[in-house]
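Below: the structure, in structure tokens.
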Amino acid sequence: MSNPEQPMFRVTPRMTRRDLLIGMAAAGGVAALTSLSYRTFFSTPEETTEEKVPFFGVYQAGIINPTPASALIAAFDITAKNKADLMRLFKTLTERIQFLMAGGTPRQIDPKFPPSDSGVLGMKVFPDNLTVTVGIGASLFDNRFGLEHLKPKHLITMTSFPNDQLDPNLCHGDLLLQFCSNTAETNIHALRDVIKNFPDLITLRWKMDGFLPPHTLKKLGKDTVRNLLGFKDGTANLDATDSKLMDKIVWVQPNGEEPAWTTGGTYQVVRVIRNLVEHWDRTPLQEQQTIIGRRKDSGAPLGMQQEHDIPNYQQDPKGKHIPLNAHIRLANPRKSDSGLILRRGFNYSRGYDKAGQLDMGLLFVCFQANLERGFITIQKRLNGEPLEEYIKPVGGGYFFVLPGVKAEEGYLGQSLLEGTGV
Amino acid sequence: MQAWISNFRRVHFYATLCLISLTVGACNSNNSPESVNVSPEAKEVKAEQQDSAKKIAITVTDKGCEAGQITADAGKTIFVISNKSSNPLEFEILSGVKVIGERENIAPGFVQQMKSNLTEGEYDLVCGKLSTPKSKLIVKAASGTDQAKAPDSSQLAAPIAEYKVYVIQETDQLVKNTKTFTDAVIAGDLSKAQKLYAPARVHWERTEPVAELFSDLDNRMDARADDFEKKEADPKFTGFHRLEKALFQDKTTKGTKPIAEKLMKDSLELQKRVASLTIEPKNMVGGAADLIEEVAKTKISGEEDRYSHTDLWDFNSNVEGSQKIVELLRPLIQKANPDLLKRIDDNFATVNQGLTKYKTTDGGFVAYEKVSETDKKGLKTSVTTLAEDLSQLRGTLGVD
């Protein structure tokens, strides 16, 4: 995410509101440029690297806090031999994540040995807005660890939908780590730290990197990120600051149909959705728009004025404005709460295929308290949509994100492994 | 596979029908007259520039159209029809006996608009009843360079009809070749079946975008192992490529009888469905590009016929199918954008030249693995260029 054009001023990707107000006052011509506002505009890079998301909480971080510019998703097979090993894995993983998210100085050791830290972030690890979110797959509930009876009700191994072309080397896993931070290097640093610390307990199954445009993230609320099809993506996403809504849609609640240990957790869906961009770029604009259901320029639903205008499908029962099989109409028919999800997607790009066509698309991520009513219901509606000619889901999986760690003595997965409930 | 197309096209069928009849406006309900005020002075026919479409006011009295003859420029035109007669009226533009555009049931005292994309020529106007004396509409060639040169959609009717014939013939041939192929498979004649595999696919590949309109058949007949969860071991993996795997990788016909029988049955079903299929302008015009997109996606990579390596057969058939469409549309493309046509022709020639090198004496092609990396790159370049140019076709011919 470097900005070669302005290396000196690559400084304010994330101004605080206060900085912004002060800065605007200065820009608005209030008196002369004070030293304070000068600092605001030409501040030092540490300001973003020191950004920090708290680790402890009822829920894990990396779900409802704002999406930073860089993501890395890695799935692992757990090679732990027994439940004691598994506990060691989750306890140590908790310690590592806590350290990585807070930052600090890695242990110094005799230079005759390999260093304890990769050094990718320098001698001192900075938090850089890092979150590491831990989920587990249905395969963890086989007979290896005696957890069969504790499997979340809807957790299954992801099955293939009609348009899927799933690559087994890019699917599923016992453990899923979602790294999000301001920069790719911070995620890579964290991933390498994890891999280095658990050689005997986990083995990498697949990984995908994702990114979002920092310039748009800065303007969220006023602007929406575009996907690699060139369309605004996420306009109708849920408001993650609405805690009542999150309780309803995202977080597993106590005393429901789920095992007690899952309270405060959530189902995570990851889908690697390749976009056939060459073909898409050779498709007439009007067809692109009818396939999506939005204008490409403004993001407004077809027949409407503004991006955030809410389509009234009752007034368009025959799909005159927004075709019945347009992506936005199938994805969110605006009928009831059934099938709502919190999305946290990223773009990805990873080389090219045998035909020399670009391999890029959407690293789709979503969270929901009920997998069946959430993603699966939505995807079933989308099956057969016209967009399918231009997209090819090739990987991903279903996972259950563990409840958060509330205090120092706890660890990720404690309620599952010790049956302590919540 | 492209399961979406059938649903998608079906939903759009109504809209496209309207397009064929040329007047998008005529798709709106005829029973909702728009209360556009036309000044009483508009007795003379006036043309005015507005929103790039020119408006032509037409006043109809009991004697018919007030103006006996109307002259207009080619391009997008809006007719503003005021019914000053005492009866509901019908407004039609006729080219010979063919209706180019119409507005029905304009109630007395009401004004309605009708959009039309006029091309050069002489037309008759019906204003009132069919028995009312007709007026003349003379459309002159557009003067400005920014005028739409797209042909009106009715001109696509003839090429589409011809294309339908082509598709039917190809499907008939597909049925015939699939019969001899599957017979050989069922008879357990491995080497004969191997020889007949690629020729049977020729006719599928030539009209692939049409065959893909039937997603169920497409899935059963032409899916590749990647499309299934358990890949080659998946019981849903059937059709040509399943037989290809048996014949060329497992080198046996053992256990393939049900698959061969099903493939034969499905190709007969395809034949039946194609006979009653309505090919829309977009299917045909877009098909030329879709065929080349197929080449760019799966033939260039050698993924299509990974066991038999007969990819060049399919490659060539896609190109032939695409070229056929361009042939049928040639006069229209020539008129709309001769430079584009020239480029397309040149690119087809380049692609065909690349293919010729790998032709065998018996009319087939060498195994794809024998194609040099340099030539693969060359083929890829020319196919991509062709895909880019063919992607202009729909816009050039004004097909939605």
- Note on the structure: Once the in-chain neighbours fewer than 8 apart are removed, the lysines whose Cα is under 25 Å from A:LYS406 read A:LYS52, A:LYS83, A:LYS91, A:LYS151, A:LYS153, A:LYS244, A:LYS248
- Note on the structure: Magnitude of the Cβ-charge dipole (Lys and Arg +1, Asp and Glu -1) of the protein assembly as shown about the Cα centre, nearest 20 debye, reported as 460
- Gaussian network model of chain A, Cα springs within a sub-10 Å range: biggest mean-square fluctuation belongs to which of A:ILE273, A:ILE195, A:ILE73? A:ILE195
- Message: With a 1.4 Å probe and all protein chains kept in place, how much accessible area does A:ASP77 have, in Å² rounded to the nearest 10?
- Response: 50
- Task: Could you order B:LYS377, B:LYS84 so the one with the most accessible surface comes first? Probe is 1.4 Å.
- Result: B:LYS377, B:LYS84
- Task: Straight distance only, please: which aspartates and glutamates reach the Cα of A:LYS318 with their own Cα at less than 17 Å, same-chain residues fewer than 8 apart left out?
- Result: A:GLU385
- A student applying the Cα gyration tensor rule (rounded when a/c is under 1.5; otherwise prolate if a/b is larger than b/c, oblate if not) would label the protein assembly as shown oblate
- Query: So, in nm, how far is label A:GLN306 from label B:LYS136 when the simple model puts each one 7 Å beyond its Cα toward the Cβ?
  - Reply: 5.5
- Environment charge of A:LYS91, counting only residues whose C-beta is closer than 13 Å and scoring Lys/Arg +1, Asp/Glu -1: -2
- Task: Towards the positive end of the charge dipole of chain A, with charges on Cβ (+1 Lys, Arg; -1 Asp, Glu), say which of A:PRO301, A:TYR411, A:ASN143 has the farthest Cα.
- Result: A:PRO301
- Task: Taking the Cα centre of segment A:258-326 as origin, work out the dipole magnitude from +1 charges on Lys and Arg Cβ and -1 charges on Asp and Glu Cβ, in debye rounded to 20.
- Result: 160
- Query: Excluding A:ALA74 itself, what net charge comes from residues whose Cβ is under 9 Å from its Cβ, given Lys and Arg +1 and Asp and Glu -1?
  - Reply: +2
- Item | Shielding of B:185-195 by partner chains, average beta-carbon count, 10 Å | 0
- Mind checking which of B:LEU291, B:PHE214, B:LEU174 is farthest towards the positive end of segment B:155-396's charge dipole, using Cβ charges of +1 (Lys, Arg) and -1 (Asp, Glu) about the Cα centre? B:LEU174
- Query: So which trypsin sites (Lys or Arg not before Pro) in segment A:148-196 end up in coil per DSSP with only 16 or fewer other C-beta atoms within 10 Å?
  - Reply: A:LYS153
- Cα centroid separation - segment B:269-293 against segment A:184-208, whole Å: 49
- Lys/Arg +1, Asp/Glu -1 at C-beta; chain A dipole; positive extreme among A:GLY374, A:ALA69, A:LEU86: A:GLY374
- If R0 is 41 Å, what FRET efficiency do you get for B:GLU104 and A:ASP223 from their C-beta distance, rounded to 0.05? 0.30
- Item | chain A, dipole about Cα centre (Lys/Arg Cβ +1, Asp/Glu Cβ -1), debye to the nearest 20 | 460
- Message: On a full-extension model of 0.36 nm per residue, what is the gain between A:SER160 and A:ASP200, subtracting their alpha-carbon distance, rounded to one decimal in nm?
- Response: 11.3 nm
- Message: Once you place label points 7 Å from the Cα toward the Cβ at B:ARG273 and A:MET123, how far apart are they in nm?
- Response: 7.0
- Given only helices, namely DSSP H runs of n ≥ 4 each adding -39500 (n - 2.57), what is the per-residue ellipticity at 222 nm of the protein assembly as shown, to the nearest 500 deg cm²/dmol? -10000 deg cm²/dmol
- Please work out the Cα center distance from segment A:79-105 to segment B:303-369, rounded to the nearest Å. 58
- Query: Computed from the mean reciprocal separation of all distinct C-alpha pairs, what Kirkwood hydrodynamic radius does chain A have, in Å?
  - Reply: 23.0
- Task: Lys and Arg at +1, Asp and Glu at -1: add these up for the other residues within a Cβ distance under 9 Å of A:ILE291 and post the number.
- Result: -3
- In terms of Cα to Cα distance under 18 Å, which aspartates and glutamates are near enough to B:LYS257, apart from those fewer than 8 places away along the same chain? B:ASP183, B:ASP189, B:ASP222, B:GLU232, B:ASP234, B:GLU244, B:ASP266
- For segment B:215-267 and segment A:243-283, distance of Cα centres in Å: 35
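The values are calculated or read from the model by the stated rules, or taken from the named source; none is laboratory data. Being a predicted model, the structure only gives us computed values, none of them experimental. Glycine gets a Cβ as well: all are built from the backbone with ideal geometry, and neighbour counts include every protein chain shown. Just the protein is used for accessible areas: all its heavy atoms, side chains included, with ligands, DNA and RNA removed. Shrake-Rupley method; radii C 1.70, N 1.55, O 1.52, S 1.80 Å.
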